[in-house]
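A short write-up of the structure that comes next.
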Amino acid sequence: SVTSNAFVCRPDTNATANAMVFVNSSGANAGFIQYTASTTTYATSSDYRMKENVVALSGATDRLKQLKPSRFNFIEDADTTVDGFLAHEVSPYVPESILGEKDAVNEDGSIKPQGIDQSKIVPLLVKSVQELSAKIDELESQLEGS
C-alpha cells in the first residue's frame, strides 16, 4: 500500500529529462513522459515520418455536437464533482480516445472499467473551431456584400 510518492523522478540538474520512454515493436519512440525543474509533458509521437495516408479532417463540428459532456462524481469520491464524459457515449464519435469495452467484467465479476484519453478529442476541437471560423467569415463576407 502506497500513501504518497509511489514514483519520484528527480534529475541531477535542471535539464530536461525523460521519466519514461515508450518504444514500439520496431524500436521507434512511440511516446514519452518528459520533465524539467518546473514542467511535465506527456507526449505521443507525432513525427510525419512515422505516418502515412494523411488526409484532412472534416465534419468535426458534426461529430463534436454528438458528444455529451457531463458533470458527475465518482462513487469512490462522492465529494468531488468534475466535468467529463462517459466513455461508451464517446466511443462512436472518437473511438481512438476510448480504452476497453462497455460493460466488460473481470473473471471474478468485478468491473473492468473503460478509460478515456480526452486529449484525443483535441484535434476534433481544433478542426471544429476552424470550420466554424470559416462559416463566420463567409457570413461576414455576405453581410458586407449586401
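The values are calculated or read from the model by the stated rules, or taken from the named source; none is laboratory data. No experiment lies behind these values; they were computed from the predicted model shown. For neighbour counting, all protein chains shown are included, and Cβ atoms are generated from backbone atoms with ideal geometry for every residue, glycine included. What goes into the accessible areas is simple: the full protein's heavy atoms, side chains included, and nothing from ligands, DNA or RNA. Shrake-Rupley method; radii C 1.70, N 1.55, O 1.52, S 1.80 Å.
Of note:
- The heavy atoms of residue 101 offer some 130 square angstrom of accessible surface to a 1.4 angstrom probe.
- Selection of chymotrypsin sites (Phe, Trp or Tyr not before Pro), the range 1-91, meeting DSSP coil and at most 14 other Cβ within 10 Å: 7
- In the chain, the calculated helix contribution to ellipticity at 222 nm averages -7000 deg cm²/dmol per residue, counting -39,500 (n - 2.57) for every DSSP H run with n ≥ 4.
- Computed with a 1.4 Å probe over protein heavy atoms only, the accessible surface of the chain comes to 81 Å² per residue.
- Carbon-plus-sulfur accessible fraction, the range 31-95 (probe radius 1.4 Å, protein heavy atoms only): 51%.
- In the range 19-94, the GluC sites (Glu not before Pro) that fall in loop regions by DSSP, at most 16 other Cβ within 10 Å: 52, 76
- The slack in the chain from residue 55 to residue 1, taken as 0.36 nm per residue of separation less the alpha-carbon distance, amounts to 14.7 nm.
- Whether the range 62-106 is rounded, prolate or oblate, judged on the alpha carbon gyration tensor where a/c under 1.5 counts as rounded: oblate
- Extension gain, residue 19 to residue 96, is 25.2 nm, computed as 0.36 nm per intervening residue step minus the present C-alpha separation.
- Treating each Cα of the chain as one equal point scatterer and applying the Debye formula with no solvent, the log10 of I(q)/I(0) at q = 0.09, 0.14, 0.19 Å⁻¹ comes out as -0.50, -1.07, -1.33.
- Expected-Rg normalisation [2.2 N^0.38 Å, Cα atoms] applied to the range 13-98: 1.51
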